[in-house]
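The values are calculated or read from the model by the stated rules, or taken from the named source; none is laboratory data. Treat the numbers as computed from the prediction; the structure is a model and nothing was measured. For neighbour counting, all protein chains shown are included, and Cβ atoms are generated from backbone atoms with ideal geometry for every residue, glycine included.
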Amino acid sequence: MKDYLKDLIDHTYGLGDIELIKVTGTATETTINAVAENKSVIISGKFKNPIADFIGTFGMPNLGKLKTIIGFDEYDEHSNINVTNTQRDGVAVPSTIHFETKTGDFVNDYRLMLKTMVEEKVKTVSFKGANWNIDFEPTVPGILRLKKQSQANSEETTFVAKTENSDLKIYFGDPSTHSGNFVFHSGVTGTLTKQWKWPVKQFIAILDLVGDKTVRISDAGAAEITVDSGLAVYTYLLPANTK
């Protein structure tokens, strides 16, 4: 259980502006949804194996508190970590994640959010898909270059992605003042004709996550990054910034 919770926190809370996750679980699958407060990132995910304790629909609020509890070394492989249920209208619903050491001398209870409340706060976004003009697996050198240029152009909150020949290039700033650009990925197929702006902070934060990644960009104004953590597959949808 602890590994699942840590994986979930690592791939959501660390992006910033995300304090609530919606979990939907059945006997055959466990999925999650989350939306950043500023709508800059929309997250969906599915665990490769269903989590037996995550049956039902509930919310995980206050993710900072959950991260703190998970980080306690008191809760090792011998600890008891499980979801407890309460009866609501004759139905057992998840209510708490209970953390307890083997000897029972260190205990935490993390309160879950009811289905009705989390469904009101985390609306499931209906994304009908897009024609992905660019599709590639980012490289470590490319990600490092992106970080360098973001540092050199730290006043910029967005960047523009363009294709030139078979190169995907990223541009920061305005040539009339300070600016920079670089080849992010070579040998791409497809072209980008529209100069959409993408959020620097969120883009880098997702690329910094542990797991195998695929980046897709559409001329329709959407970018998608998929991260396979080993335990789950997370999809991050980033709407283009028009400002």
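The rows are residues; the columns are (1) within 17 Å of Asn108 (Cα to Cα); (2) of a type in the set (Gly, Ala, Ser); (3) modelled with pLDDT of 95 or more.
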| site | (1), (2), (3) |
| --- | --- |
| Tyr4 | no, no, yes |
| Ile18 | no, no, no |
| Ile32 | no, no, yes |
| Ala36 | no, yes, no |
| Val41 | no, no, no |
| Phe47 | no, no, yes |
| Pro61 | yes, no, yes |
| Ile69 | yes, no, yes |
Boolean, Lys65 is surrounded by fewer than 19 Cβ atoms within 10 Å (Cβ to Cβ), of a type in the set (Lys, Arg) and under 24 Å from Phe203 (Cα atoms): no
Verdict on Gly14 being in the same structural domain as Ile70 (by TED's automatic domain parsing), touching a Phe, Trp or Tyr at 6+ places or on another chain (Cβ under 8 Å) and not hydrophobic (A, V, I, L, M, F, W, C): no
Complete set of residues in the range 39-79 that are closer than 21 Å to Pro239 by Cα and in contact with a Pro (Cβ under 9 Å, 6 or more places away or on another chain): Lys39, Ser40, Val41, Ile42
Verdict on Ile55 being farther than 30 Å from Ala223 by Cβ, at pLDDT 95 or above and of a type outside the set (Asp, Glu): no
The range 212-239, residues that are within 12 Å of the chain's Cα centre (by Cα), buried (at least 16 other Cβ atoms within 10 Å of the Cβ) and farther than 18 Å from Pro141 by Cβ: Glu224, Thr226, Val227, Ser229, Ala232, Val233, Tyr234, Thr235, Tyr236, Leu237, Leu238
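Can you name every one of the strands (runs of 3 or more DSSP E) wholly within the range 141-243 that holds 1 or more residues which are on the phi > 0 side of the Ramachandran plot?
167-173
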Selection from the range 163-179 of residues that are surrounded by fewer than 17 Cβ atoms within 10 Å (Cβ to Cβ) and in contact (Cβ under 8 Å) with a residue 12 or more places away in the chain: Ser166, Asp167, His178, Ser179
Contacts under 6 angstrom Cβ, first residue in the range 101-116 being assigned to a loop (DSSP other than H, G, I, E, B), partner loosely packed, with under 12 Cβ neighbours inside 10 Å, 6 or more apart: Lys102/His78
For Ala92: the one exception among (1) touching a residue at least 60 places away in the same chain (Cβ under 8 Å); (2) loosely packed, with under 14 Cβ neighbours inside 10 Å: (1)
Val23 aliphatic (A, V, I, L, M), surrounded by 13 or more Cβ atoms within 10 Å (Cβ to Cβ) and closer than 21 Å to Ile225 by Cα: yes
Residue in the range 230-239 that is small (Gly, Ala, Ser) and modelled with pLDDT of 95 or more present: yes
